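Colleague: Encoded as structure tokens, here's the structure I'll be asking about.
The values are calculated or read from the model by the stated rules, or taken from the named source; none is laboratory data. Computed from a predicted structure; not experimentally measured. Heads up, the Cβs are rebuilt from the backbone with ideal geometry, glycines too, and the neighbour counts pull from every protein chain shown. What goes into the accessible areas is simple: the full protein's heavy atoms, side chains included, and nothing from ligands, DNA or RNA. Shrake-Rupley method; radii C 1.70, N 1.55, O 1.52, S 1.80 Å.
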Amino acid sequence: MTDQRDLFPGALELMILQTLKRKPLHGYALAQHIKLTSNDLLQVEEGSLYPALQRMLKADLVKAEWGISSTNRRVRIYQLTPAGRKHVEREVSSFERMLEGITRVLAPAKGRS
Amino acid sequence: MSWLRQLFSRPRVYNDLSAEIQEHLEEKAAELVQAGMSREDALAAARRQFGNYTLLEERGREVWQWRWLEQFLRDIRFAWRQLARNTGFTVAAVLVLTLAIGANTAMFSMIDALLLRPLPYPHPERLAALVRDVSGRNSSGHFVSGQENGQDGETWELVRDNVSAAIMAAEKRDTNGINLKSGKQTRYVHDQRVSAMYFDALGIKPLLGRSFTQEEDRPSGPDVVILSYTLWKNLFSSDPALLGQSIRLKDVPYTVVGVMPASLQTTAQDADLWTPLRPSRNGEGEGMNYAIVLRLRDGATWAEVNAELESLHPSEFSEFAKHVPQGEERLTAVPLQKDLAREQKPPALMLMAAVCLILLIACANLAGLMLVRFTRRTSEIATRLALGATHGAIMRQVFAEPLLLSVMGGIAGLAAAAVFLKTFAAMLPPEMVPLGGLGIDARVMFLTLAAVVATALLIAIFPALAIRNIHITPSLAGRTIASTPRSSRARQILVGAEVALTLVLLAGAGLLIRTLIDLQNLPAGFDSHNVLTAKASLDEARYHDDAAFHRLLDESLAAMRRIPGVDSAAVGLSLPYERGLNDGFKVMDGPTAGTNTASSTAYVTPDYFHVLRIPVMAGRSFTDADTAQSEPVVIVNVSFAKKYLGSLDVVGRHLRLGKTPSTVVGVVGNVSKPPGINVQAPLSTEPMFYVPAAQQSAKDLQLIHLWFQPSWIVRTSGPVTGLRQAMQKALEQADPDLPFSAFHTLDELQGQALAQQHLEVVLLTVLAALALFLSLVGAYGLISNMVLQRRRDIGIRMALGCTVARAIRETTTSGLLPVAGGITAGLVLALFALRLMKSQLFGVRNLDPMTLLAVSLLMLCAAAVAGFLPSLQVARINPASTLRSE
């Protein structure tokens, strides 16, 4: 069963990686951050972060350590590994190229209508 | 992270994940409580926003699992529980698959040994046999072609001297019995005659000593012998000093020049020792008596060998072209394995096809049963679908049960195959066991694996198709897919297919049985009761003198006649049921004068016809007055008189045998014999002529005894105890150094001549019986299920006045429709399939209408009984209660 709200395969992962690039975060903070920055445009089920994080842990893109959050909770903080950093750069640039392509294809159609 | 570390860190990973998710929910709830929500509401809202957290946690865990493997194991465990719940079905299914897969494995092992497994020599792909491609119009005008592997001395010399691309060697493919004297004892041993370079061509180095030199392979070269490991070990206690010493063979000293390794198997598998072939253009070299082996030289190609062979034209080729319309012969090299398997290949392929059919029938049968099992589980499956199971998950289960069954059947089948192979090996005459023996190797195991997978797929495909059509709502309401016309049609098709394939097997078995009955019922032409025979080798230096030979016969026969209980005794070069010597003759007078051809022949002593009770139809038998000094005489059998002399009134006519004209003095009845020329059946009433043993010249005797060992035959008035020892003693009185090889009754000889046919009949009959049983079970199951489904229907009709008898008749009839369809389809299939059997049938046509009719009726009657039994349940239907139960 794939997550319906995952826009395309890997989109959620990409958002997580991009967020983690700025600073290490724990799961709840990650979810809030993605929600806030996307202005609630992307309806991401909070829980779907966790299978995605497990996949990235297994692929060695991120690593996790138990720590204490700013609100004094015992949380698991995720941060990018060097491999994850490299991966996100590659993926973002290819994503941007794809987005640019889509925009170009869509633009004239809008002009004609 | 390595997979092993992953495996052991799993519990920690899982704990981290659940703790983390729990923390997430707590944090969210705490935030909401701070915003003024009650604790319960906050927790619920946190969960809502999180999504289905059990499922998400599971997805998180799955990342760390080998999903396929674990799902697979789960499915197998589930299937095992399902099968364990119904032990009767499971045991029966595994048993059927054990037999079917076991039979396939065993038969494929035979095919493997014959055609696929490399011969037990180094670089077997560089080995070939020399054959003649022969084609031309036969006596009935049909254009025929074939390959012959017998070669004459001229051809041997031509290829030996002109083919440079291959190492050439000649051999006799069978052994001769000869006498080996060691100490006081004389033994009958099996000698294979091979040329120089023979072992070099095979690529086998002697364990001790060397192989034969060119010098030793020339006529009247030094007498040398190479021993097999077994003989060297058993008779000479593995004495290495034996090399260079001489042992007494055929009454003369032979120098031991080599001992072969224990692993060596030559084309004559019973060889105890080897002596030089000494091929030449004379004597045996005048006929097609040699087989020729080639080994490709390093760097040479088969194209080069064949080009060299094509340029050779032995004089026999032009003779053939002169006498046969459009006759043509050509020398060519074929892979040695192919040549060795020439005769066994057609029956092996036929039996392989038969065991494939039995596996298909077993699959159709189990597919039908499996269909019923899953039909009964319709509502369970619908419930699971309703609860969110994917169709994929259900399909995996449909495949898991058949897979489990066929894996169990496959493992047990391998064990069964080992038993079957032992039985084959015991039933086959030694010369028909493939070189290298029968066994289960990696290739055979692979076929077993393929059979297991194919079986599982074939069994699963029908339930899988049926389950695709399960719709949740009607199924939950208690209706089963069985009531849809689609799945009951699937069962009817399965039963029809089983019946069709069974009919093919039954027809095949029927034809083979008719062939065997025909062969066994061939008028033997003699009386086999109270007759015992034994062979001795006269390939002895002292019997190169014809006077010594005649004295031996007279003295030994006289001694045998003195044994109490013995009525009469005789000697003949060959017996009924034994292949005879072929010799040429020319008809000198009468309507067929000038006929010049060859026929089966044997020398016999005067009492031969009397001892065997072969009737003398005209003229006289041989007498003691027919001697080397008297007029040469000959007796022909009825077939010979009709075929070559044109009538039965032939006493007084003349045949030229060799140089002298012989007078026909009698005509005797035919006996059953394996033909030596134009082999069309394992036994037939061959044309044959007999000559008196007393008129054989020394030269003829020497040649004949190189190939054939004459038989002593005694007839007793009843069972005589110790007859064998008494016969051996009688022979020893005439010659103390002459051992008898083996004692046989004539019934045993008949059994040996028809061993292959017996084996084929036994195998195909067992397979056909199993097939019949399986398809009857299929028909029975179909009809009893139909009665069950139509209970209500029948109940209503009976309430409306339909009689029980009519209801039974109608149920049986509609149940037998697929059987009738199957029989029709089977007959059509048989038209094609039975062509495979043509080479195995004698005396019956491959589409014998009587046999086809008989097996169709058998199938129909058996199916009618199988269908009638379950429809009797109709009688127990109580209209009132069936109506109420709905």
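Colleague: Between rounded, prolate and oblate, where does region B:257-299 land on the alpha carbon gyration tensor, with a ≥ b ≥ c its root eigenvalues, rounded for a/c under 1.5, else prolate if a/b exceeds b/c?
Modeller: Here region B:257-299 falls in the oblate category.
Colleague: Starting from the residue with the highest accessible area, list B:LEU73, B:LEU359, B:LEU403 in decreasing order, probe 1.4 Å.
Modeller: Ranked from most to least accessible, the order is B:LEU73, B:LEU403, B:LEU359.
Colleague: Okay, moving on. Taking every pair of distinct Cα atoms and averaging 1/r, then inverting, what Kirkwood hydrodynamic radius in Å comes out for region B:546-625?
Modeller: 15.0
Colleague: In Å and from the alpha-carbon atoms only, list the Rg and Dmax of region B:588-671.
Modeller: Cα-based Rg and Dmax for region B:588-671 come out at 12.3, 34 Å.
Colleague: Here's something else I'd like to know. Summing Lys, Arg as +1 and Asp, Glu as -1, what charge do residues with Cβ under 12 Å from the Cβ of B:GLN397 carry, B:GLN397 excluded?
Modeller: +4
Colleague: May I pose another question? Nearest 20 debye, what's the magnitude of the dipole of region B:745-886 about its Cα centre given +1 on Lys and Arg Cβ and -1 on Asp and Glu Cβ?
Modeller: 800
Colleague: Run the quick spin-label model on B:VAL766 and B:TYR14: label points 7 Å from Cα toward the beta carbon, then report their separation in nm to one decimal.
Modeller: Reported label-point gap for B:VAL766 and B:TYR14 is 5.1 nm.
Colleague: With only alpha-carbon pairs counted, each pair once and no self-pairs, how large is the Kirkwood hydrodynamic radius of the protein assembly as shown in angstroms?
Modeller: 36.2
Colleague: Right, here's the next one. With every protein chain present, what accessible area does B:ARG12 have (1.4 Å probe, heavy atoms only), rounded to the nearest 10 Å²?
Modeller: 150
Colleague: Would you please classify the overall shape of region B:38-130 from the alpha carbon gyration tensor, given that a ≥ b ≥ c denote the square roots of the eigenvalues, rounded means a/c under 1.5, and beyond that prolate means a/b larger than b/c while oblate covers the rest?
Modeller: oblate
Colleague: Then there's this: Using a Förster distance of 51 Å, how high is the FRET efficiency between B:TRP66 and B:ARG806, based on the Cβ-Cβ distance and rounded to 0.05?
Modeller: Taking R0 as 51 Å, the efficiency between B:TRP66 and B:ARG806 is 0.25.
Colleague: Would you please report the Å³ per residue occupied by the convex hull of the alpha carbon atoms in region B:250-370?
Modeller: 284
Colleague: I've got another one for you. Using bins 10 angstrom wide from zero, how does P(r) for region B:670-797 break down, in % of all Cα pairs?
Modeller: Pair shares across the bins are 8, 20, 24, 16, 9, 8, 7, 5, 3, 1.
Colleague: Which order do B:ILE461, B:ILE76, A:ILE16 take by accessible area at a 1.4 Å probe, largest first?
Modeller: The most accessible residue leads, giving B:ILE461, B:ILE76, A:ILE16.
Colleague: Take B:ASN234 and B:LEU788, extend 7 Å from each Cα along the Cα→Cβ direction, and tell me the distance between the two endpoints in nm.
Modeller: 6.0
Colleague: When the chain is fully extended, how far beyond the present Cα-Cα distance does B:ALA386 get from B:MET445, taking 0.36 nm per residue of separation?
Modeller: Full extension from B:ALA386 to B:MET445 adds 17.0 nm.
Colleague: Hey, another quick one. For peptide B:56-64, compute the average count of partner chain beta-carbon atoms within 10 Å of each residue's beta-carbon.
Modeller: The shielding value for this peptide is 6.
Colleague: Taking the Cβ of B:PRO818 as the centre, find all other residues whose Cβ is under 11 Å away and add up their charges (Lys, Arg: +1; Asp, Glu: -1).
Modeller: Value of the local net charge: +1.
Colleague: Right, here's the next one. Mind checking B:16-29 for the average number of partner chain beta-carbons within 10 Å of each residue's beta-carbon?
Modeller: 5
Colleague: Working with all protein chains in place, sort B:GLU304, B:GLU286 by solvent-accessible area computed with a 1.4 Å probe, largest first.
Modeller: Result, largest first: B:GLU286, B:GLU304.
Colleague: Mean Kyte-Doolittle hydropathy of -0.5 or higher plus an axial Cα length of 18 Å or more: which whole DSSP H helices in chain B meet both?
Modeller: Result, helices passing both filters: B:87-111, B:345-376, B:391-427, B:442-468, B:485-520, B:546-561, B:755-789, B:804-833, B:849-871.
Colleague: Sum up the charges of everything whose Cβ sits under 9 Å from the Cβ of B:ARG278, counting Lys and Arg as +1 and Asp and Glu as -1, but leave B:ARG278 out.
Modeller: Residues near B:ARG278 contribute 0 overall.
Colleague: What Rg and what Dmax come out for region B:350-472 when only alpha-carbon atoms are used, in angstroms?
Modeller: 19.2, 66
Colleague: Taking N as the number of residues in region B:552-705, what value does Rg over Cα atoms divided by 2.2 N^0.38 Å take?
Modeller: My calculation over the Cα atoms of region B:552-705 gives 1.01.
Colleague: Simple spin-label model, 7 Å along Cα-to-Cβ: A:ASN72 to B:ILE796 in nm?
Modeller: Output for this residue pair reads 7.8 nm.
Colleague: Given the DSSP H assignment, sum -39500 (n - 2.57) over each helix run of at least 4 residues in chain B and divide by its residue total; what's the result at 222 nm in deg cm²/dmol, nearest 500?
Modeller: That calculation yields -16500 deg cm²/dmol at 222 nm.
Colleague: Enter the accessible area of B:THR803 (Å², nearest 10), with the probe set to 1.4 Å and all protein chains included.
Modeller: Near enough 80 Å² of accessible area.
Colleague: Can you list, bin by bin at 20 Å, the percent of alpha carbon pairs in chain B, starting at 0?
Modeller: 12, 32, 28, 17, 8, 2, 0
Colleague: Cross-link partners among lysines for B:LYS345, C-alpha distance below 26 Å, same-chain residues fewer than 8 apart left out?
Modeller: B:LYS172, B:LYS422, B:LYS673, B:LYS838
Colleague: Based on the alpha-carbon gyration tensor of region B:100-230 and its eigenvalue square roots a ≥ b ≥ c, which shape applies: rounded if a/c is under 1.5, prolate if not and a/b is larger than b/c, or oblate?
Modeller: oblate
Colleague: Can you give the accessible area of B:HIS323 in Å² (nearest 10), computed on protein heavy atoms with a 1.4 Å probe?
Modeller: Rounded to the nearest 10, the figure is 140 Å².
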